[in-house]
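Colleague: First the structure, which I've put down as structure tokens, then a few questions once you've had a look.
Every number here is computed from the coordinates shown, using simple stated rules; none is lab data. Computed from a prediction, not measured in an experiment: that's the story for all the values here. When we count neighbours, we look across all protein chains shown, and the Cβ atoms used for this are built from the backbone with ideal geometry, even at glycine.
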Amino acid sequence: MPAHVARFIAVAGFAAVLTLPLAAVSPPATPPVRVASTLQEPHPQIMAAIRALEAARLHLKNAAHDFGGHRVKAIRAVDAALVQLKLVLEYDKD
């Protein structure tokens, strides 16, 4: 038997011995349950918009100046937007 054939058989046998334990492991009977998807908010973009508007309202309310007279109107607009977004979320619960 030539040396290269003997080497090939030895390497193939060694590879088979190393891969047999991997073949013996069976996959789980049921797929794992994804917990992260159950904890996700139903409307993450809307919730992010509400948080951003609340932060902007707080900034406007605590501002040292009136932004050229536009601060009060901006706070009213933010309040109106918050009301609408909260109504959107309430409507989705129906």
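Colleague: Cross-link candidates for Lys93: which aspartates and glutamates have Cα within less than 15 Å, leaving aside residues fewer than 8 places away along the same chain?
Modeller: Result set, ordered by chain and number: Glu41.
Colleague: Mind ranking 64-73, 51-60 by how tightly packed they are, going by the mean number of other C-beta atoms within 10 angstrom, highest first? Before the final figure, lay out the partial values.
Modeller: On the way: 64-73: 9.1, 51-60: 13.2.
Ranking the peptides 64-73, 51-60 by packing returns 51-60, 64-73.
Colleague: Check the straight Cα-Cα distances from Lys61 and name the lysines below 17 Å, setting aside those fewer than 8 residues away within the same chain.
Modeller: Lys73
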